[in-house]
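Read the structure below first, then the notes.
The values are calculated or read from the model by the stated rules, or taken from the named source; none is laboratory data. Just so we're clear, the structure is a prediction, and the values are computed from it rather than from any experiment. All Cβ positions, glycine included, derive from the backbone under ideal geometry; neighbour counts span all protein chains shown. Remember, those area values only see protein heavy atoms, side chains included, never the ligands or the DNA or RNA. Shrake-Rupley method; radii C 1.70, N 1.55, O 1.52, S 1.80 Å.
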Amino acid sequence: MASIREMMLLNQANFSTVAKDLEDLVSKIFSNQKILKLLYYNTSDCLNNPDIVDNNILNIIARDNIRIIPRLTIPENLGSYIIITFDQFTPNIENPQYMDNMLLIDVLCPTDLWIMDNYMLRPFKIMHEINLLVDKRKFNGIGNVNFIGANLLNLGDYTGYQLAYSVINDV
């Protein structure tokens, strides 16, 4: 049986692509006006608001509503937010130069903002839009992304779901 040191030498994968993966994912999210409106506007008819193109608002969304560091703070605008993290890195069985992992996306909304027009629920609409961008897609550095489940997150005044995706890097 190989020692841990020998196994580490065989596994040439590294974490240097995480920055590019996050950049690609956040870029896709910023290209989706529905997600931006759902995160920023605190009204039940938020999707009827004009597209968000103002750089000041986009900077606020980047700082407060779309997070790549798993830290819980209330956004300045008291709106909804998402947290993107990577977890459970393992060597790819087919190609040890790459790692497979989980992509976790937390969608959190103020509980009093859940119900929107026509009984649409804000976190589910955000989750739907994210899933359209991510599930069954192949990202440049991320690999093949597949939805595997969602779990409820209840943080008191903020409630939502954690979307879980398996990421298989078979490049």
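Key figures
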quantity	calculated
Burial ranking of peptide ranges 122-134, 144-156 (average Cβ count within 10 Å, highest at the top)	122-134, 144-156
Cβ-placed point charges (K, R +1; D, E -1), dipole of the chain about Cα centre in debye, nearest 20	120
Whole-number percent relative contact order across the chain, with pairs defined as alpha carbons under 8 Å at least 6 apart	22
Cβ-placed point charges (K, R +1; D, E -1), dipole of segment 43-126 about Cα centre in debye, nearest 20	140
Accessible area of LEU47 in the full protein assembly, 1.4 Å probe (Å², nearest 10)	50
Dipole of segment 81-171 [Lys/Arg +1, Asp/Glu -1 at C-beta], most positive-end residue of VAL167, ASN118, THR90	ASN118
Where labels lie 7 Å past Cα in the beta-carbon direction, separation of ASN118 and LEU152 in nm	2.6
Mean accessible surface per residue for the chain, computed with a 1.4 Å probe while every protein chain stays in place, in Å²	57
Carbon + sulfur, % of accessible area of segment 29-129 - ligands and nucleic acids excluded, 1.4 Å	55
Ratio of Rg to Rh over the chain (Cα coordinates, Kirkwood Rh, two decimals)	1.04
Residue-level accessible surface for PHE15, protein heavy atoms, 1.4 Å, Å²	120
